[in-house]
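Here, each number is a calculation from the coordinates, and none is a lab measurement. Since the structure is predicted, the reported quantities are computational estimates derived from the model, not experimental observations. Don't worry about glycine lacking a Cβ; one is built from the backbone with ideal geometry, like all the others, and counts go over all protein chains shown.
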Amino acid sequence: MAHFYVVRQKVDKTKDAKKSLYYGVPVTCGRITTRKLAELVADRCSLSPGDVLAAVCEVGNVILERLGEGYSVELDSFGDFYLSAGSEGYENPKDCTPHRVKARRVCFRMASDVRKGMKFVKFERRLR
């Protein structure tokens, strides 16, 4: 099955002359909830949907705890989760105190096996 995309116009404002180009942008077919994910995994193994759901929820909690402690978290054959943080710029390094540094987002870097698998994703244009 193909992954759908739409074509969207974007304006490049980085240069003096504004240039408008068209780009292919992926669209989702919907969202898989944690409960549905647990059901799908349970169908492939000997665990019940409740067991899988409990494990998935706890994995999420543990990942967040470890990220908060300064670790990155690797899931074998899937990828790494890590924290992105930053602050405003200061002229004096002493002004960049801990309370001025804020977590921005949880980032994900896919494993090389996943990256190789992405080569085989086929796209199909979805008309609005």
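Local charge for residue 50 was computed over the other residues whose Cβ lies under 14 Å away, with Lys and Arg +1 and Asp and Glu -1, and equals -2. Each residue in 15, 116 was given a count of other beta-carbon atoms within 10 angstrom of its own, and listing them fewest first yields 15, 116. Which net charge results when you count Lys and Arg as +1 and Asp and Glu as -1 among the other residues whose beta-carbon is under 14 Å from that of residue 114? With Lys, Arg at +1 and Asp, Glu at -1, the neighbours total 0. The value obtained for the range 84-128, namely the Cα convex hull volume divided by the number of residues, is 171 Å³ per residue.
For the chain, the mean residue ellipticity at 222 nm estimated from helices alone is -8500 deg cm²/dmol, where every DSSP H run of n ≥ 4 contributes -39500 (n - 2.57) and the total is divided by all residues, rounded to the nearest 500. Compactness of the range 1-60, taken as the C-alpha radius of gyration over 2.2 N^0.38 Å, stands at 1.95. Translational D (Stokes-Einstein, µm²/s) of the chain at 10 °C and 1.306 mPa s when Rh comes from the Kirkwood sum over C-alpha pairs? The estimated diffusion coefficient comes to 83 µm²/s. Shown here for the range 36-128: GluC sites (Glu not before Pro) in loop regions (DSSP other than H, G, I, E, B) with at most 12 other Cβ atoms within 10 Å, namely 69, 88, 91. Considering the chain as a Gaussian network with a 10 Å cut-off on Cα pairs, which listed residue, 11, 27, 56, attains the greatest mean-square fluctuation? With Cα springs under 10 Å in the chain, the top fluctuation among 11, 27, 56 is at 11.
For the range 36-104, the list of trypsin sites (Lys or Arg not before Pro) that fall in a loop by DSSP and count at most 16 other C-beta atoms within 10 angstrom reads 44. Taking Cα centre as origin and charging only the Cβ of basic (Lys, Arg, +1) and acidic (Asp, Glu, -1) residues, the dipole magnitude of the chain rounds to 1080 debye.
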